[in-house]
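Enquirer: First the structure, which I've put down as C-alpha cells, then a few questions once you've had a look.
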Amino acid sequence: MKLINACRLLAMVSLTVAAVGCAPAATPAPAAPTEGAKTFRVAMVTSGPTNDHGWHQNALEGLQSINKELGYEIAYSESVESAQQQNTLRQYAQQGYNLIFCHGYEWGEALKAVAPDFPDVMFVQINATTEGANIVGTNFKFGELGYFAGMAAGLMTKNGKIGIVAAQDAPQVTADSDTIQLGAKAVNANADVNVSFVGSWDDIVKGQQVTQAQIDRGVDILIIIGDAFAPPAIELAKSNGIMVIGGWSGDAHDLAPETVITSGVQDVPGVYLSIARQFGDGTLKGGSSFVSGFAENTQKMGVWGDFVPAEVKDQVNQAIADYLAGKLDFPVLK
Amino acid sequence: MVRAWWSRGWVRTTAILMAALVVFWIVLELAGEETRNIANGIFTILAAPEFVKAALIAAIPLLLAALGGLISELSGVLNMALEAMMLVGAFVAYTVADHSGSPWIGLLAAGLSGLALGLVHAVFTVTLRANQVVSAVALNLFAVAATALAFRVLYIHKTFQPAPGFEALHFPVLSDLPYLGVALFQHNILIYLALLLIPVMWFILYRTSWGLTLRSVGEHPMAANTVGIKVNRVRYIAILLSGTLVGMSGSALVSASGINAFQENLSAGRGFIAFAAVIFGRYDPIGAFLGTILFGLGDALQIRLQAYGVEVPYQLLLMLPYVITLLALVVFMRNARGPAASGTPFVEEGAG
Amino acid sequence: MAEDISQNLAPLKPKARFSLPIANVAMPLLSIVVAALAGAVIILLMGYDPLKAYAALAQGSFGNLMQTSETVKTAVPLLLCGLGIAFAFQSGAFNIGAVGQMYMGGLAAILVAGQFAGLPGWLHMLLATLAAFVAGGLWALLPAFLKVRYASNEIISTILLNYVAIYLVDYMVAGPIKSGGYGGAPTSWPVLAGVMYPKLVPQTQLHLGLIFALSAMVILFFVMRYTTLGQRVRIVGQNRVAATHAGIRADRVFLLAFFLSGSLAGLAGAAEILGYQARLISGFAPSTGYDAIAVALLGGHAPFLVGLSALFFAGLQTGAVAMEAIAKLPAQLVDLIRVLAILAVLAASSPRIVEFARKLQGEDRKW
C-alpha cells in the first residue's frame, strides 16, 4: 500500500516536473522602460477581496483610474495570503513592472525582503511608514474624519446615544473612534458613545448582528467603519429608522440618501493616481513618505443628506475651517 | 437513589446552574459598586427579549446545518463539508432570489445546490470510498473558490444589492405579547420551519422504519447488509438529504437577520460550528438544537456586552461562545459517542 | 469513532517485493490530466488562455531555483502540521486543531524572538523554537486531557480551540505585543535582528525550518517503525482496551502522541514566523492547518509520503500565485483549478480506483 502511494505521489511530482520541462521558458520582460517611453506597467497587491465595497475595492478603483487617466498598463493580485506575499511581489517585479502598490500595513516585512533585490522597481506601501531606497509610504491622517463625524453625530442625535460599529481594533480605526468621542462630546455634553468591534472587515452576518445589538441598545445614530458589512448594516439602520454616518473609504450617500447624514471619505483612488502621476513625471523619490488628510484634500466629509439642517453642516464646516487654520486641535495619527 | 437522580442530565444541569447563581449572588454582595454596575448591565442584557431574538437568529442557520450533518453522520458518513454546502447554499439562495424575485425559489435552489454537493461527497466517500475528511476539506476549498468566482462573474456592478428576502411575520395576538412577542413571535418563516424540523426529524429517526434502517447502517453496516439493507444506497440517500438541508441553511444564513446579501466566504467557519454541534448534541436532533442555541446565546451575549460598553478586549469577547461551548462540552456532554461505523466506508460483497 | 477510522485507514504493512506499477502510475497521472483538461475548459470558458495558465503554474512552482525554493518553503509548515496530524491519527484521534496549535506556536515564537535582546543569536533562535514547540504541544494537550479525563470528543474541542487561538493572536497583536513602528498597525513587534532562521542557500527561501521539518519526517518514520513507542501508539490507536490489557498505559501514550502532534504544528508556526514572515499579523496562516489534514491523509500517514504530498500542495499554491500574476487569471479561478487537482488526486488514491487500476492491469500481483 505504501509503495502504491509512493508511486502515485512520485508520479504526481514527475508530471509536474515534466510540465515544467515542456513549459516555454519564461521570458523576463525588460526591467526598465526605454528612454522616452511614456507608458509604464503598474501592479497592485492586496490581502483582501477587491469587491468588498471598501478598502480593497478602492485600491482597485485607484489602479483602474491610473490606467484610464494615464494609460499605463495595470495588473493586480488579490486575497494574497501572508505566506505568499514575497512570492507575489517577486513575480511582478521579475516581469518588469515599474511601480508596485502594496495595499496595507500587512505588506511591510515582505517589502523589506523583496525591494532590495529590485532596485529599478519602485514600491509603494499604503498606510505605512516605510524605509528603503525604492520604497514610498503613504498614510492618511487618521483621526481627522472621526472628529468631524463625531461632531455631526453629536449635533444630530436626539437621545444622545451614539453607536460605532467598527471592524477591528487597529490604530487606523481607533484613531477615528477615539476622536468621534471627542467630537461628539465637544458639541453635546450628553453624548454617550460606545464602540462595538465586529472582528472582521467582511463578515456581513456578524456585522449585521453587531449593528442589531447597537440598535437594541437604543442608539439613534450609528457610525459604521467597515468594508463589506457596511452596506447591509446601513440597510438595517434604514429599516429601523436610524441615521447613519458611513464611509471610511468611499461615500455612502448613494446607498441610502434619506438615512446617511454624511460620510467620512478617504480618497484612496486619488492617492493612487497622484503617486502614479509623480512616478510618470519622474518626481517620485524613493524613501519618501506622504501623509495626507483634509489639508491635502485626500480626506473630506462626504455628501450631506438633504434632511440635515443647514446649521449642522455649517457648524461642522466651520470646525473644519478652524482646524485647517490651526485654531482647532485634536489627536491625529501621523 | 440520589445518585440515580443526579445522573439525569437536567437535574444536574439545574442544580449546577442554581449553585452558580447563588455563588454569583454572594460574589456580587461582596463586590464593590463598579462590579455591581457591570452585573446590572449583564442582567439588563439577559432580561431583554431582543437577547433571545438575537440568539435564535444566530442559532437557526447553524441548526439547519447541524440537522443536515446529523442525518449523514448517523448513516456513518462524516460530513465535514457542512461549511461548503452552507456557503454554496447561501450564494445560490441569494443569486436565485435576486434574479427570480422570490426567496422561496431561492430556498429551493439552495437546497438543490446542497444536494449537488452532497452527490459529489457521496460519489467520493461511498462509491470511491475515498477518505471522508479529505473529501470534505477539498469540497470546502472548492466552495470558497467557486462561489467567489461565480459572484464576480454575476455581480460585476459595484453597488450593494440586497435580494428579496423572507419578511418578519406578525401573528395576531402572539406577536404583541409583552416579552414573548419580540423574543419568539416576530421572526421570519424559515425560523419556525427550522424549529418544526426538530420534532419531525426526531420522529423520522426514532419512530419510523427508515430511521431505524438509517441508524443501523451507521451503527452496524455488516449486520444491516445481512438483513438485506442496501447499505450504500441508504448512505447515498442520507448524504443527499443532508446536502439539501445544509444547502437550505445557507438560505437561512442569508435571510436570518434580514441581510439578504452575499459576500465571499460568507459562512466564515459557521459550518464547523454546526459540525461540532452535531457531536455536542450526541447525535440527536434535540441535542443539536441545544448545542446551536447555546452557541447563539453565547454569541448574542458577547455582542451585547460590547454594545453596552463592557471594558473587556473585544477579541476575548469573541472567544466567549467557543469557550462556553467547550465548557458545556466538558461539564454536561461527557461520553458523546457517535455511530460505531462512522467514518468507515462499506465494502459490499463482491464489490471489493 | 476515530478509532474506527484509523483501523480502516492505518497504512498497511509494505511488502518487500517491488514490481513496476504501471496502472498505479497511470491512474494518478490520468486523473491529473483529466483535472487539467477540465480546468482548461473552465479557463477557456472564462476567456483566458489555458496553455499560458499552465505554463505559469509550472513556472511558478518549480520553474527555477527561486520558485522551487518558494515551493519548498511553503511545504515546510504543511509538512510539519501534516506529520503532527498523521501521528495523532496513529494514536486513534483526529487532530483538527493544527490551525490553533500553529497559531500558538507562532505566538510563542514571536514572544521570545521579539524580546530578550542580548542573547546570543543561535541560543535565542533555539529558545524561540523551543517555546513554539512547547506552546503548540500544550495547546494540543488540552483537548487530549479533556478526552482522557472527561471523554470529550477531540474533534469538537480542537475545532473550538482553533477559534480561541485565532482570537488570542488577534488580541495579542492589537494589544500586549503590538509593534511600536508602522504607524502602530495591528502587527506584533518584529523578530529581533539575528534571531531569524538563517538561509540554507543564499538567494533562496530555504531556511533552517526545512531542516527541522525533514528531521521530524525522518525521526517520525523511525519512531513509528522501529521503536516501542511507535508500536504502543499504534496499538493504542487500534484498540485501546486491548492496549490496556497488554499493560500499556493507554492514556499516557495518547497524551504524549497528542502533545507531539501539537508540537509539530507549533514548530510550523515558528518556521513561518522566524523563517519568512518576521512578524506576527492576525490571520498569518489561515488555511495551512486545514490543508494539512488533506496532506496527512493523502500521504496515508506515512511520513515520507506526507512529505511528497506537502510538496504537491505547496506547488499548487506557489504556482497559483504565478497563474494570477503572470497569466492574469482571477484569484478565484486559480483557486478553483487548485481544488480540481486536489479532488483528482483524492479520486486517484481512493481504494475503489486503486482496485480498478489493478484489475485493468489484469494481474493479481501481490504487493
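Enquirer: Tell me, please, whether a residue that is without any contact (Cβ under 8 Å) to a residue 40 or more places away in the chain, surrounded by 23 or more Cβ atoms within 10 Å (Cβ to Cβ) and either on the phi > 0 side of the Ramachandran plot or not acidic (D, E) (or both) can be found in the range B:35-42.
Expert: No, there is no match, as no residue in the range B:35-42 is without any contact (Cβ under 8 Å) to a residue 40 or more places away in the chain, surrounded by 23 or more Cβ atoms within 10 Å (Cβ to Cβ) and either on the phi > 0 side of the Ramachandran plot or not acidic (D, E) (or both).
Enquirer: Here is a further query. Against the definition (buried (at least 24 other Cβ atoms within 10 Å of the Cβ), under 24 Å from C:I155 (Cβ atoms) and among the polar types (S, T, N, Q)), how does C:S349 come out, yes or no?
Expert: yes
For every residue, the table says whether it meets (1) surrounded by fewer than 23 Cβ atoms within 10 Å (Cβ to Cβ); (2) out of contact with any strand residue (DSSP E or B) (no Cβ under 9 Å at 6 or more places or on another chain); (3) within 14 Å of chain A (Cβ to nearest Cβ); (4) without any contact (Cβ under 8 Å) to a residue 40 or more places away in the chain.
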position	(1), (2), (3), (4)
C:L138	yes, yes, no, no
C:I156	no, yes, no, yes
C:L161	no, yes, no, no
C:K199	yes, no, yes, yes
C:V233	no, yes, no, no
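Enquirer: Would you confirm whether any residue within the range C:162-178 is part of a helix (DSSP H, G or I), at pLDDT below 90, over 30 Å from B:A328 (Cα atoms) and touching a Phe, Trp or Tyr at 6+ places or on another chain (Cβ under 8 Å)?
Expert: no
Enquirer: To continue, here is another question. Take the range A:160-201 and flag every residue that is free of Cβ contacts under 8 Å to residues at least 40 places away in the same chain, more than 23 Å from the chain's Cα centre (by Cα) and closer than 26 Å to A:S292 by Cβ.
Expert: A:A184, A:A186 - these are the residues of the range A:160-201 that are free of Cβ contacts under 8 Å to residues at least 40 places away in the same chain, more than 23 Å from the chain's Cα centre (by Cα) and closer than 26 Å to A:S292 by Cβ.
Enquirer: Could you say whether any residue in the range B:118-125 is away from chain C (no Cβ under 14 Å), part of a helix (DSSP H, G or I), at negative phi and under 24 Å from the mean Cα position of the chain (by Cα)?
Expert: Looking through the range B:118-125, at least one residue is away from chain C (no Cβ under 14 Å), part of a helix (DSSP H, G or I), at negative phi and under 24 Å from the mean Cα position of the chain (by Cα).
Enquirer: Run A:N190 past the list (1) surrounded by 24 or more Cβ atoms within 10 Å (Cβ to Cβ); (2) away from chain C (no Cβ under 13 Å) and report the number of the one that doesn't hold.
Expert: Among (1) surrounded by 24 or more Cβ atoms within 10 Å (Cβ to Cβ); (2) away from chain C (no Cβ under 13 Å), A:N190 violates only (1).
Enquirer: Here's another thing I want to ask about it. Can you find, within the range A:79-124, the residue that is surrounded by the most Cβ atoms within 10 Å (Cβ to Cβ) among those that are part of a helix (DSSP H, G or I) and acidic (D, E)?
Expert: Only one residue fits best here, namely A:E106.
Enquirer: Any chance you could count how many residues in the range C:33-83 are away from chain A (no Cβ under 12 Å), of a type in the set (V, I, T) and without any contact (Cβ under 8 Å) to a residue 40 or more places away in the chain?
Expert: 1
Enquirer: Out of the range C:218-234, which residues are under 17 Å from the mean Cα position of the chain (by Cα) and within 17 Å of C:F89 (Cα to Cα)?
Expert: Of everything in the range C:218-234, those that are under 17 Å from the mean Cα position of the chain (by Cα) and within 17 Å of C:F89 (Cα to Cα) turn out to be C:I219, C:L220, C:F221.
Enquirer: Could I ask something else about it? Answer with yes or no whether C:S152 is over 25 Å from A:V198 (Cβ atoms), facing chain B (nearest Cβ under 9 Å) and part of a helix (DSSP H, G or I).
Expert: No: the conditions fail for C:S152.
Enquirer: Only one of (1) of a type outside the set (S, T, N, Q); (2) over 21 Å from B:R270 (Cβ atoms); (3) in contact (Cβ under 8 Å) with a residue 24 or more places away in the chain; (4) within 9 Å of chain B (Cβ to nearest Cβ) is not met by A:I204, so which one is it?
Expert: Unmet for A:I204, out of (1) of a type outside the set (S, T, N, Q); (2) over 21 Å from B:R270 (Cβ atoms); (3) in contact (Cβ under 8 Å) with a residue 24 or more places away in the chain; (4) within 9 Å of chain B (Cβ to nearest Cβ): (2).
Enquirer: So, C:S215, is that one among the hydroxyl-bearing types (S, T, Y), at pLDDT 90 or above and within 16 Å of the chain's Cα centre (by Cα) or not?
Expert: Criteria met by C:S215.
Enquirer: Now for a different question. If we keep just the residues of the range A:255-299 that are surrounded by fewer than 22 Cβ atoms within 10 Å (Cβ to Cβ) and of a type in the set (F, W, Y), which is nearest to A:A149 (Cα to Cα)?
Expert: Selected residue: A:F294.
Enquirer: On the given criteria, is B:I324 modelled with pLDDT of 90 or more and either touching a strand residue (DSSP E or B) at 6+ places or on another chain (Cβ under 7 Å) or not in a loop (DSSP other than H, G, I, E, B) (or both)?
Expert: The answer is no for B:I324.
Enquirer: Return yes or no: is A:V165 within 30 Å of C:V191 (Cβ to Cβ) and either outside the structural domain of A:N317 (by TED's automatic domain parsing) or crowded, with 21+ Cβ neighbours inside 10 Å (or both)?
Expert: no
Enquirer: Kindly indicate whether A:I275 is part of a helix (DSSP H, G or I), under 20 Å from the mean Cα position of the chain (by Cα) and away from chain B (no Cβ under 14 Å).
Expert: Taking the combined requirement at face value, the residue satisfies it.
Enquirer: Got a sec? Which of C:A250, C:A344, C:A271, C:A314 is more than 20 Å from C:S61 (Cβ to Cβ) and more than 7 Å from every other protein chain (Cβ to nearest Cβ)?
Expert: Criteria check complete, one pass: C:A250.
Enquirer: Take the residues of the range C:326-338 that are touching a residue at least 12 places away in the same chain (Cβ under 8 Å) and in a helix (DSSP H, G or I): which is surrounded by the most Cβ atoms within 10 Å (Cβ to Cβ)?
Expert: For the range C:326-338, the residue satisfying everything is C:V334.
Enquirer: Could you check the range B:36-61 and list, in sequence order, the residues that are within 11 Å of chain A (Cβ to nearest Cβ) and part of a helix (DSSP H, G or I)?
Expert: Within the range B:36-61, B:G41, B:T44, B:I45, B:P49, B:E50, B:F51, B:K53, B:A54, B:A55, B:I57, B:A58, B:P61 meet the criteria.
Enquirer: Here's something else I'd like to know. If you check every pair at least six apart or on different chains, which have Cβ atoms under 6 Å apart with a residue in the range C:99-116 that is free of Cβ contacts under 8 Å to residues at least 24 places away in the same chain first and a residue that is in a helix (DSSP H, G or I) and surrounded by fewer than 24 Cβ atoms within 10 Å (Cβ to Cβ) second?
Expert: C:V112/C:L127; C:V112/C:A131
Enquirer: Residues to consider are B:L290, B:L301, B:L317, B:L297; find the one that is without any contact (Cβ under 8 Å) to a residue 60 or more places away in the chain and either more than 10 Å from chain C (Cβ to nearest Cβ) or assigned to a loop (DSSP other than H, G, I, E, B) (or both).
Expert: So the residue among B:L290, B:L301, B:L317, B:L297 that is without any contact (Cβ under 8 Å) to a residue 60 or more places away in the chain and either more than 10 Å from chain C (Cβ to nearest Cβ) or assigned to a loop (DSSP other than H, G, I, E, B) (or both) is B:L290.
Enquirer: Report the residue count in the range A:58-78 for those that are within 16 Å of the chain's Cα centre (by Cα) and either surrounded by fewer than 22 Cβ atoms within 10 Å (Cβ to Cβ) or farther than 24 Å from A:G280 by Cα (or both).
Expert: Qualifying residue count for the region: 4.
Enquirer: Please determine whether any residue of the range A:138-151 is closer than 18 Å to B:Q302 by Cα, modelled with pLDDT under 95 and aromatic (F, W, Y).
Expert: No: the range A:138-151 contains no residue that is closer than 18 Å to B:Q302 by Cα, modelled with pLDDT under 95 and aromatic (F, W, Y).
Enquirer: When you check C:L192 against the structure, is it under 30 Å from A:Q168 (Cβ atoms) and either part of a helix (DSSP H, G or I) or within 14 Å of chain A (Cβ to nearest Cβ) (or both), yes or no?
Expert: Yes; evaluated as a whole, the condition is true for this residue.
Enquirer: I've got another one for you. Assuming A:G286 fulfils every condition listed in (1) within 30 Å of A:V198 (Cβ to Cβ); (2) at pLDDT below 95 apart from one, which condition is it?
Expert: (1)
Enquirer: In the set A:S263, A:S288, which member is of a type in the set (S, T, Y) and either in contact with a His (Cβ under 7 Å, 6 or more places away or on another chain) or at positive phi (or both)?
Expert: Unique residue meeting the criteria: A:S263.
Enquirer: Taking A:I66, is it outside the structural domain of A:D203 (by TED's automatic domain parsing), on the phi < 0 side of the Ramachandran plot and in a strand (DSSP E or B)?
Expert: In short, no.
The values are calculated or read from the model by the stated rules, or taken from the named source; none is laboratory data. Everything numeric in this text was worked out from a predicted model, so none of it was measured. Here Cβ is always computed from backbone atoms with ideal geometry, including for glycine, and neighbour counts include all displayed protein chains.
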